[in-house]
Amino acid sequence: MSRRIVVLTGAGISAESGIRTFRAADGLWEDHRPEDVATPEAFEADPALVHRFYNARRAHLSSDGVEPNAAHLALARLEQEYDGDVLIVTQNIDDLHERAGSRNVLHLHGELLKMSCTECAAVRDAWPELGVDSICPGCGVSGRLRPHVVWFGEMPIGLEGILEALEDCSVFAAVGTSGNVYPAAGFVHVAAAAGAQTVELNLEPSEVSFGFAEVRRGPAASEVPRWVDEVLTNQ
Ligand code: APR
Ligand code: ZN
């Protein structure tokens, strides 16, 4: 088996950076029904509303005070200091792993700071504000730009490579994810079947906690640095 650590992250890792999670009592899905802002049908029906929702998320991500926290930084240190491969698979659309210094990051659900064109398929850095009249710099067609995020009912990005990594990993950790959304929620089973050590680091029990050999409860900014220290000490 390769010396490879795969870390799946979710909204909980960015909570202490000031980004709201989805399913908490004060989470994003309390203010907005996912079917109104996070499906291809919603974008078809009311693109202006969907653009406003993501423009607001993008503005918040770029605002003062939203910075990587100790959990993101510890995972970047793990990548640098571990004698093996470290892959971060994140469900988050923020860029906090990259800002913390992680290089090997896959965004399963896309990236808030990118836009794509449904006419020519080009993916580029997003402007701060996208709207229904925005013109694609690639093909010149107006009204076809969308946030480069994966909505409910769409295919996650990079799944094939992720499954290959999971089938050949020695350690699988999940941080700050509730285990409600597949395929990510099923990754622990793939890794466990491949013989990996599995550990969940989450504030509360997730829907898939039972699948992990080890479970650690607490805020990511404390638990992740502690876990990374242990992995690096014992390597
Ligand atoms: N530290 C660790 N875990 C935390 C913290 C924290 N500080 N704060 C919250 N959590 C945990 C919660 O207990 C919860 O289990 O993080 C999890 C967040 O769950 P969700 O809000 O459901 O977020 P996530 O699992 O990333 O959602 C998956 O659903 O709609 C979407 O596409 C969106 O990628 C997202 C997907
Ligand atoms: Zn285009």
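Nothing in this text is a laboratory measurement; each read-out follows from the coordinates by a stated rule. Model, not experiment: these values are computed from the prediction. Ideal geometry is used to build each Cβ from the backbone, glycine not excepted, and the neighbour counts take in all protein chains shown.
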Is one or more of the residues making up the stretch 121-133 in a strand (DSSP E or B), touching a strand residue (DSSP E or B) at 6+ places or on another chain (Cβ under 7 Å), hydrophobic (A, V, I, L, M, F, W, C) and more than 16 Å from ligand 1 (Cβ to nearest atom)?
-> yes
Show the residue pairs that are 6+ apart or on different chains and have beta-carbon atoms under 6 Å apart, the first residue being within the stretch 152-181 and under 11 Å from THR198 (Cα atoms), the second being in a loop (DSSP other than H, G, I, E, B) and of a type outside the set (Gly, Ala, Ser).
-> SER170/MET1; SER170/ARG3
Go through the stretch 74-95 and give me each residue that's more than 16 Å from VAL6 (Cα to Cα) and either buried (at least 22 other Cβ atoms within 10 Å of the Cβ) or touching a helix residue (DSSP H, G or I) at 6+ places or on another chain (Cβ under 6 Å) (or both).
-> ILE93, ASP94
What is the number of the single condition among (1) more than 19 Å from PRO225 (Cβ to Cβ); (2) in contact (Cβ under 8 Å) with a residue 24 or more places away in the chain that ASP26 does not meet?
-> (2)
Select, from ALA25, ALA71, the only residue that is part of a helix (DSSP H, G or I) and either among the hydrophobic types (A, V, I, L, M, F, W, C) or away from ligand 1 (no atom under 15 Å from the Cβ) (or both).
-> ALA71
Report yes if GLU67 is surrounded by fewer than 20 Cβ atoms within 10 Å (Cβ to Cβ), under 19 Å from GLY10 (Cα atoms), free of Cβ contacts under 8 Å to residues at least 12 places away in the same chain and within 18 Å of the chain's Cα centre (by Cα), otherwise no.
-> no
Can you name every residue in the stretch 96-105 that is in contact with a helix residue (DSSP H, G or I) (Cβ under 7 Å, 6 or more places away or on another chain) and buried (at least 18 other Cβ atoms within 10 Å of the Cβ)?
-> LEU96, HIS97, ALA100, SER102, VAL105
